[in-house]
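Here is the structure we will look at, set down as structure tokens.
The values are calculated or read from the model by the stated rules, or taken from the named source; none is laboratory data. The shown structure was predicted, so the numbers you read here are calculated from the model rather than taken from an experiment. Please note: Cβ atoms are built from the backbone with ideal geometry, for glycine as well, and neighbour counts cover all protein chains shown.
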């Protein structure tokens, strides 16, 4: 009852081979299209290949890198916001205080105080770090996204 004859087995195998050939013809992924899509938007080639998780990962990496790069450029242009408050100098009682006609205290700084303030002023490294990390993330993330989309499309076509 449940056994197939050799002719029936042969016919089933031939039909299955024909179905596989037809499926392969219409379901193959083009590595060129996958690469171009990932070149336009990182992760789009992975979506084309059916890899939603990888697409989200590459999109997130490049988006985060763009945010870091824009923050770095913004800090280069506008300067880094500082949390330090400027402190006023305390006038000791030993030194004479000079007051102008309006009653405002005139403060004079000595040369040693000026050099100390100049030494304390350091150029913040944050904009440079953000810019470099942003550029590296965009470069590596985008290029690896394209490479991975092409490689995956080729691999998907040979597995079937």
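Hey, does region 124-142 have a residue that's modelled with pLDDT under 70 and farther than 27 Å from residue 31 by Cβ?
Of the residues in region 124-142, the ones modelled with pLDDT under 70 are 124.
With the extra rule that they be farther than 27 Å from residue 31 by Cβ, the set shrinks to 124.
Looking for residues that are modelled with pLDDT under 70 and farther than 27 Å from residue 31 by Cβ, one finds at least one in region 124-142, hence yes.
Residue check: is residue 32 loosely packed, with under 15 Cβ neighbours inside 10 Å, more than 30 Å from residue 129 (Cα to Cα), out of contact with any strand residue (DSSP E or B) (no Cβ under 7 Å at 6 or more places or on another chain) and modelled with pLDDT of 90 or more? Steps first, answer last, please.
Values: loosely packed, with under 15 Cβ neighbours inside 10 Å: yes; more than 30 Å from residue 129 (Cα to Cα): yes; out of contact with any strand residue (DSSP E or B) (no Cβ under 7 Å at 6 or more places or on another chain): yes; modelled with pLDDT of 90 or more: yes.
Yes, satisfied.
Consider residue 50 carefully, then state whether it is at pLDDT below 95, out of contact with any strand residue (DSSP E or B) (no Cβ under 9 Å at 6 or more places or on another chain), surrounded by fewer than 18 Cβ atoms within 10 Å (Cβ to Cβ) and on the phi > 0 side of the Ramachandran plot. Before the answer, list the steps.
Values: at pLDDT below 95: yes; out of contact with any strand residue (DSSP E or B) (no Cβ under 9 Å at 6 or more places or on another chain): yes; surrounded by fewer than 18 Cβ atoms within 10 Å (Cβ to Cβ): yes; on the phi > 0 side of the Ramachandran plot: yes.
Considered against the rule, which asks whether it is at pLDDT below 95, out of contact with any strand residue (DSSP E or B) (no Cβ under 9 Å at 6 or more places or on another chain), surrounded by fewer than 18 Cβ atoms within 10 Å (Cβ to Cβ) and on the phi > 0 side of the Ramachandran plot, residue 50 comes out as yes.
Which numbered condition trips up residue 91, out of (1) at pLDDT below 90; (2) in a helix (DSSP H, G or I); (3) surrounded by 10 or more Cβ atoms within 10 Å (Cβ to Cβ)?
(2)
Please state which one of 66, 37, 3, 44 is over 30 Å from residue 156 (Cα atoms), surrounded by 13 or more Cβ atoms within 10 Å (Cβ to Cβ) and either at pLDDT below 95 or in contact with a helix residue (DSSP H, G or I) (Cβ under 7 Å, 6 or more places away or on another chain) (or both).
After ruling out the rest, the residue left standing is 66.
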